[in-house]
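Shown next, in structure tokens, is the structure this report addresses.
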């Protein structure tokens, strides 16, 4: 038996894709632990001024919960801080790709899909697989994803398409790039660059068009996905950032989503953001999972 390496993950769950191209498609999710960005500016009065930040996750008593699903959705700072903050590591799972593949199959099982098949026996429609985080394209995530694929392949139970939800900052290993090119299934890169005026992440660290061009060279299937509010400075930064990606040769569609981890925060600006987006020719993403489930963990 191969001695497989183990990887940290925070969640494996079954829901729909709520954003962008695959909106509404039933999806198996695996959320890896670790990220190179913190995005503490989300939801803050001034995302560009760290001195004004309020970060509720920092004061949260981790010992008050037993599992990730019991954590609240914080309205300020990264809504997925539990996927990278060290204080939450004790809540994470730690398994081999073979075990992770088994868990993915298990969460697909329902009364109408008792074997957990990606090709659903009832609808005869293909369900999707999404690798997210944290940041799933860190070196550990790349290795774990390929291992999960190989395990699903042995079971003859592969999805026809897989998404990597990434911030677009990570370089791909040569092994991963070759894997993307070699497998017959679609690899879809959903890239969410983090704007300084929205997330507080400095542009030099968060915006890497040259890396995303590397993704596009491996697969022509992808999208750029931005979270934006109604302020002028956010839209000016957005336009400048999109221009950088276009100049780098990334021609994927652009989707715009309103800021806010919870429904009430999104509703406050959603209409204005949507109108601004389609006037400029961009697609609008409603973040359907938030409207359906309130962005609860595990959805």
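Please treat every number below as a calculation from the coordinates, not as lab data. This one's a predicted model, so the numbers in the text were calculated from it and none came from an experiment. All Cβ positions, even for glycine, are placed from backbone atoms using ideal geometry, and neighbour counts span all protein chains on display.
Things worth noting here:
- Between 0 and 90°, nearest 10: helix 263-279 axis offset from the chain longest Cα axis: 80
- Rounded to 5, the percent of DSSP beta bridges in the stretch 7-225 classed as antiparallel: 40
- Shape call, the stretch 65-188: gyration tensor on alpha carbons, a/c limit 1.5: oblate
- Ranked 35, 78, criterion: other C-beta atoms within 10 Å, fewest first: 35, 78
- Semi-axis lengths, Å, the stretch 88-159, gyration tensor of Cα atoms, sqrt of 5 times eigenvalues: 24, 13, 11
- When shorter helices are ignored and each DSSP H run of at least 4 residues is given -39500 (n - 2.57), the per-residue value for the chain at 222 nm works out to -9500 deg cm²/dmol.
- Taking other C-beta atoms within 10 angstrom as a stand-in for reagent exposure, 31, 221 fall in the order 221, 31, fewest first.
- Distance cut-off 31 Å, percentage of C-alpha pairs in the chain lying past it: 26
- Whether the stretch 1-48 is rounded, prolate or oblate, judged on the alpha carbon gyration tensor where a/c under 1.5 counts as rounded: oblate
- log₁₀ of I(q)/I(0) at q = 0.11, 0.27 Å⁻¹ - the stretch 57-129, Debye sum with one point per alpha carbon: -0.45, -1.15
- Residue 62 versus residue 150: modelled label distance in nm, points set 7 Å from Cα along the beta carbon direction: 3.1
- Degrees between helix 209-218 axis and first principal axis of the chain (Cα, 0 to 90, nearest 10): 30
- Peptides ranked, highest mean first, by Cβ atoms within 10 Å: ranges 150-159, 44-53: 150-159, 44-53
- Our note on the geometry: Cα centres of the stretch 12-47 and the stretch 64-86, 13 Å apart.
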